[in-house]
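J.: Before I ask anything, let me first share the structure, which is written out below as structure tokens.
The values are calculated or read from the model by the stated rules, or taken from the named source; none is laboratory data. Because the structure is predicted, anything quoted here is derived from the model rather than measured. Positions of Cβ are backbone-derived with ideal geometry, glycine not excepted, and every protein chain shown enters the neighbour counts.
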Amino acid sequence: MTSDSLALGRRPMQFFGGWEVGLLALMALLYIVGALINPSFFLSPDAFQALLRDASRFAIMAVGMTFVIANKDLDLSVGSTYGLVGVVFAYVFDPNHYDMGVVPAIIACLALGTFIGLINGVLVTVLRVPAFIATLTMLFIGRGFILGLTGGQSILYPIKARDFHWFFQLGEFNAWGFNNQITLALIVVALGAFVLAKTRWGYETLATGGNELAAIYAGIPTRWVRVRSYLLSSLCATIAGLMAVAQDKGASPQGGLSAELIVIAAVIIGGASILGGRGRVLGSFLGAVLTVLINKVLREGVPITRTLMINGESIEVQAHYSLPAGAVPAFIGVLLLVAVLIEPLIIRQRLPARIWAWLRRRPPPKLLEVGGVAIEGAQTKGATASDRALTARGFGKFLARRDALAIMLAVLLWLVGLYLRPDYWALLPNTFAILLNYTELALIAVGLTFVIAAGDIDLSVGAVLALAGSAAAYSLKVLGLDPFEAILVGLAVGLAAGAFNGVMTVAFRLPAFIATLGMFYIARGLASWLVAGQQLTGFSERYNLIGRKVGDILAYLDLPRPMGFLGALADVVSVQTIWMLLVSVIAGFVLGFMPFGQRIYATGGNIRAAAYAGINTSRIRFIALLFCAFCATMAGLINVAYFRSFNPVAGQFRELDGIAAVIIGGGSIFGGYGTVIGALAGAAVITLVRALLQLNVEGFTMPQHWINVFIGGILIAAVLIDIWVRQANIFGALRAHLAERRRTATTEAVNA
Amino acid sequence: MPETSAVHPIVEMRHINKAFGAVQALNDVDLALYPGEVLGLVGDNSAGKSTLMKILTGAYQRDSGEIHVAGDEVHFSSPHESRDRGIEMIYQDFALCGNMDVGQNIFLGRWPRKGLIVDRRKMYSEADEVLQRLKVNVNSVYQKVESLSGGRQQSVAIARAISFDPRVIVLDEPTANLSVMATARLLETMLELKKHGVAQIIISHRLQDIFAVGDRVMVLKRGENVGDRYIKQTTEQEVLEIIVSGTPETRLSADEAPKRAA
């Protein structure tokens, strides 16, 4: 029956499509633009070589990431894995550390990659932690390890590397005149493309990402498929890290910083869908080259001619304008969001076709009807969680509260502090020093509570804190505004960031984690752009008052200091602590007692049910994201005032602390739960952990980097406890199971 | 049955058309529902039952056709507008917030207020009242909905619908997720509602449920109306035959069918 097979027609192409052709065209265009602006760099053969060489590492990471994203997962830890591989290699290989050969070093790196991939995979599949939170924590833990192991210093071993030419030539140019890394990248891309497009492994990946339930029914081991993709991703990052090792003959603590951003942007630009089920390795490869090219164009800068006035004569000086290094992630962050928007707007809603029809005054083309109401599956959970709060009595009633853990932990940790340093812990100054550290985190946690209860997430709080702080510092110092205006500017900038988050999630329907991840890089990039090359310090003391102690403010205003206990209190209580308590009381009242709070819980609990009940869920989510950015902004303004200067690392790791605080305090990463009291207690736990780890006990203090690793562990533990103890109630199930076994045992004994 | 026809229908849908892309989901469908009547809407998968009901509640927009509620022509652009005219829909998955308790769910989105604060005392006492009126048994109005069984969750969904004092309730596959016991309880509840004069439309695959409580059954097939019978004058066998082999040409209205048979 040859006619049958003819009737089938040509099979659709699996490797290559129109998208990839468009990418190639765009890339050619960009290179021409780059060559026009900066011919000295882009027209040199070295530049082309360097572009391909740097792109090859990102291309390899993009191969693994394609599998992960096609699975509807996300791996934010590739950048830190890439960096950590360099550090581990250095530790094993460097003469000043373990001084072993290349082979043990490579084995150690591969073991590390496998380990990270397995942890990611198991957390996401078996333990059901949302992918972005699991891998974001791995990112922070990895970065903490990199800084902790290197102590912030590069480790270089160029002399020993000469003895191992066979490995280190991987980073060199070969006899044919191009870098060996390019060859390796092409091999990995070809393999990846073949596996994803042609083999069962690839088909299983696409099926799992498209509809996991359907894949399970079809007998596909979806857990293993997803774990496999995480393994591929982190092994690809390991290979890329080894390539960097071969090229640099050393490791730097900055290695792989923000690499995850470039890799994810590359894969999405390459045509993969963040909603899963779609992705092509060749597209990701081209996306990686394109993203690295954009990165290069941004970093290289433009040669300009400056006119200087010297002694009344104007002299033309050749200069070079380039972006400060920290600003580039801002552009890549925008690029990521644009790429993520391509799919919903252009492919699903056919925006270009509609605009074209509108321009010709024709009726718009019909839309693909996507996901009509009531098609989605049931969301109201079944009889899994028993309602312990109703049956419990006395202390059990307290234990059944979702914030019980946080409150007990806070008390316990405080007592531990008292045990370790009885001489100093309970003194008023120390208590209020802790309270001062607590303020920033508590403000952020209160804002995050709203977002998390409404079922979203905000990963950008730390970055928005920095952006608002830098904007205020910039207006005070560079623009010369007065303190009140500077506060207004800071608030406006922070709220603009929040509004951007809100528009991206609500109007463009991006998942909140991806929208705020974009903002994470954009806000940090903008902040370091604003302050680049400026010493933003020495403001008017009037501004700094919002970060001072009450006593200082009274002194500044020439008011009399109260006597006795009130006076002592005024010397230790900061005005921002009072402000934070005020904000918390208002926020707690709104969330706990007003209909608006109920709307937030309804939206987070079951957004569709809330919408049917007439709640404007888009408005609720938008306001929550805006309020969260507002809280982060206030924290940023206070931070600048407290330190009397802006520090570019302000707010770093605060998103981690904030999310951990809310989850420990009874919030659920899936939305619908979380109280202000819980968040405050959770923030207290995190603050106390940090304070305890920083305590000088018998001359030993833990360095800051290791504390971040510790906090990352706490966040994962909190999410796991929320999913498995609070929601799935495994302890209850275990008790029931044991009771059942005991009963059968007794009946058997009776029968015997 | 001329005496029924003399009463004006509470809901009347005429010549409803709806296409999704190239697929004609509904083709010139008519539907009438009288006060206090229980109408079963049956048909194979993709017959257009749910689409028709979503058009009635305003979740989907019709391409053409008319809808009259109590004699007035209406254009619902969302389920909230149909709710204002006394039409409630209970979804297959109940559309409740599992993280909130029974009282909060019954008043979802319209929690009573005292000043700025949610009036919890009023909310719980009125929720309890509605549950009493419906004669359903939920342990406590303070219980979280996610800790309830499927049948109890449905009782909450129905209680929520009743609390709006609707004239029409649409139930989408109400027995699909229920145990046998819960199904029996649900059918009792439906009869209780009928006693209060509430018209109901049940979408269901289970003919025995429709025959237990229904007054009339309407059959859709591939988006077309292929038959309409009074429960008293038909059998499950006949309805099954219409579902499988009915055509618009052989279609008879409920009032014509007995005459043709006679």
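J.: Just to check your reading of the model, which residue among B:58, B:65 is assigned by TED's automatic domain parsing to the domain that holds residue B:174, modelled with pLDDT of 90 or more, among the small types (Gly, Ala, Ser) and farther than 23 Å from residue A:455 by Cβ?
T.: Just one listed residue meets the conditions, B:65.
J.: Sort out which residues of region B:138-152 are at the interface with chain A (Cβ under 7 Å from one of its Cβ atoms) and in contact (Cβ under 8 Å) with a residue 12 or more places away in the chain, and write them in order of number.
T.: Listed by number, the residues that qualify are B:140, B:142, B:143, B:144, B:145, B:146, B:148, B:149, B:150.
J.: In the set B:251, B:222, which member is surrounded by fewer than 20 Cβ atoms within 10 Å (Cβ to Cβ), in the same structural domain as residue B:172 (by TED's automatic domain parsing) and on the phi > 0 side of the Ramachandran plot? First the steps, then the outcome.
T.: Values: B:251 fails: on the phi > 0 side of the Ramachandran plot.
That would be B:222, the only listed residue that is surrounded by fewer than 20 Cβ atoms within 10 Å (Cβ to Cβ), in the same structural domain as residue B:172 (by TED's automatic domain parsing) and on the phi > 0 side of the Ramachandran plot.
J.: Being β-branched (Val, Ile, Thr), over 22 Å from residue A:51 (Cβ atoms) and modelled with pLDDT under 90: is that true of residue A:238 here?
T.: Here the answer is no, as residue A:238 does not meet what is asked.
J.: Which ranges mark the helices (runs of 4 or more DSSP H) fully within region A:553-654 that have 3 or more residues being of a type outside the set (D, E, K, R) and away from chain B (no Cβ under 14 Å)?
T.: A:564-572, A:575-593, A:617-643
J.: Give me a count of the residues in region A:104-142 that are of a type in the set (Lys, Arg) and assigned to a helix (DSSP H, G or I).
T.: Adding up the residues that qualify gives 0.
J.: Pick from A:605, A:597: which is assigned by TED's automatic domain parsing to the domain that holds residue A:727 and in contact with a helix residue (DSSP H, G or I) (Cβ under 8 Å, 6 or more places away or on another chain)? Give the steps one after another, and end with the answer.
T.: Values: A:605 fails: in contact with a helix residue (DSSP H, G or I) (Cβ under 8 Å, 6 or more places away or on another chain).
So the residue among A:605, A:597 that is assigned by TED's automatic domain parsing to the domain that holds residue A:727 and in contact with a helix residue (DSSP H, G or I) (Cβ under 8 Å, 6 or more places away or on another chain) is A:597.
J.: Take region B:193-214 and flag every residue that is closer than 19 Å to residue B:10 by Cβ and surrounded by fewer than 16 Cβ atoms within 10 Å (Cβ to Cβ).
T.: Answer for region B:193-214, where residues must be closer than 19 Å to residue B:10 by Cβ and surrounded by fewer than 16 Cβ atoms within 10 Å (Cβ to Cβ): B:195, B:196, B:197.
J.: Still on this structure, I have one more. Just need a number here: residues in region B:119-137 that are crowded, with 20+ Cβ neighbours inside 10 Å and either within 13 Å of chain A (Cβ to nearest Cβ) or among the basic types (Lys, Arg) (or both).
T.: Here the count works out to 1.
J.: Taking the residues in region A:435-486 that are more than 18 Å from residue A:586 (Cα to Cα) and in contact with a strand residue (DSSP E or B) (Cβ under 8 Å, 6 or more places away or on another chain) as candidates, determine which candidate is modelled with the lowest pLDDT.
T.: Selected residue: A:436.
J.: Then there is this: Would you confirm whether any residue within region B:46-53 is among the polar types (S, T, N, Q), in contact with a Lys or Arg (Cβ under 9 Å, 6 or more places away or on another chain) and either assigned by TED's automatic domain parsing to the domain that holds residue B:155 or surrounded by fewer than 24 Cβ atoms within 10 Å (Cβ to Cβ) (or both)?
T.: Yes, region B:46-53 contains a residue that is among the polar types (S, T, N, Q), in contact with a Lys or Arg (Cβ under 9 Å, 6 or more places away or on another chain) and either assigned by TED's automatic domain parsing to the domain that holds residue B:155 or surrounded by fewer than 24 Cβ atoms within 10 Å (Cβ to Cβ) (or both).
J.: Something else now. In region B:103-154, how many are of a type in the set (Lys, Arg) and under 22 Å from residue B:186 (Cα atoms)?
T.: Within region B:103-154, residues that are of a type in the set (Lys, Arg) and under 22 Å from residue B:186 (Cα atoms) number 4.
J.: Take the conditions more than 10 Å from every other protein chain (Cβ to nearest Cβ), at pLDDT 85 or above, closer than 26 Å to residue A:595 by Cβ and in a helix (DSSP H, G or I) and apply them to residue B:184. Does it pass?
T.: no
J.: Quick one: is residue B:243 more than 27 Å from residue B:93 (Cβ to Cβ), surrounded by 17 or more Cβ atoms within 10 Å (Cβ to Cβ) and more than 14 Å from chain A (Cβ to nearest Cβ)?
T.: When the stated conditions are applied, residue B:243 does not pass them.
J.: Only one residue in A:123, A:43 is surrounded by fewer than 24 Cβ atoms within 10 Å (Cβ to Cβ) and either in contact with a strand residue (DSSP E or B) (Cβ under 8 Å, 6 or more places away or on another chain) or modelled with pLDDT under 90 (or both). Which one? Before you say what the answer is, go through the steps one by one.
T.: Details: A:123 fails: either in contact with a strand residue (DSSP E or B) (Cβ under 8 Å, 6 or more places away or on another chain) or modelled with pLDDT under 90 (or both).
Exactly one residue qualifies, and that residue is A:43.
J.: Still on this structure: Go through region B:93-117 and give me each residue that's facing another protein chain (nearest Cβ under 7 Å), within 13 Å of residue A:601 (Cβ to Cβ), free of Cβ contacts under 8 Å to residues at least 60 places away in the same chain and out of contact with any strand residue (DSSP E or B) (no Cβ under 6 Å at 6 or more places or on another chain).
T.: Those that are facing another protein chain (nearest Cβ under 7 Å), within 13 Å of residue A:601 (Cβ to Cβ), free of Cβ contacts under 8 Å to residues at least 60 places away in the same chain and out of contact with any strand residue (DSSP E or B) (no Cβ under 6 Å at 6 or more places or on another chain): B:97, B:98, B:99, B:100, B:104, B:108, B:109.
J.: Considering each residue of region A:241-266, count those that are buried (at least 23 other Cβ atoms within 10 Å of the Cβ), at pLDDT 90 or above and farther than 16 Å from residue A:66 by Cα, and give that number.
T.: Of the residues in that region, 6 qualify.
J.: Kindly evaluate residue B:178 against the criterion of being modelled with pLDDT under 85 and under 18 Å from residue B:137 (Cα atoms).
T.: yes
J.: Among the numbered criteria (1) of a type outside the set (Phe, Trp, Tyr); (2) out of contact with any Leu (no Cβ under 9 Å at 6 or more places or on another chain); (3) surrounded by fewer than 22 Cβ atoms within 10 Å (Cβ to Cβ); (4) farther than 27 Å from residue A:327 by Cα, which one does residue A:426 miss?
T.: That leaves (2) as the condition not met.
J.: Scanning region B:138-148 for residues that are in contact with a strand residue (DSSP E or B) (Cβ under 9 Å, 6 or more places away or on another chain) and buried (at least 21 other Cβ atoms within 10 Å of the Cβ), which turns out nearest to residue B:93 (Cα to Cα)?
T.: B:145
J.: I've got another one for you. Please verify whether residue A:190 is under 19 Å from residue A:237 (Cα atoms), in the same structural domain as residue A:61 (by TED's automatic domain parsing), in a helix (DSSP H, G or I) and free of Cβ contacts under 8 Å to residues at least 60 places away in the same chain, treating the condition exactly as stated.
T.: Considered against the rule, which asks whether it is under 19 Å from residue A:237 (Cα atoms), in the same structural domain as residue A:61 (by TED's automatic domain parsing), in a helix (DSSP H, G or I) and free of Cβ contacts under 8 Å to residues at least 60 places away in the same chain, residue A:190 comes out as yes.
J.: Are any of the residues in region B:71-89 surrounded by 23 or more Cβ atoms within 10 Å (Cβ to Cβ), under 24 Å from residue B:156 (Cα atoms), in contact (Cβ under 8 Å) with a residue 60 or more places away in the chain and not aliphatic (A, V, I, L, M)?
T.: Yes, region B:71-89 has at least one match.
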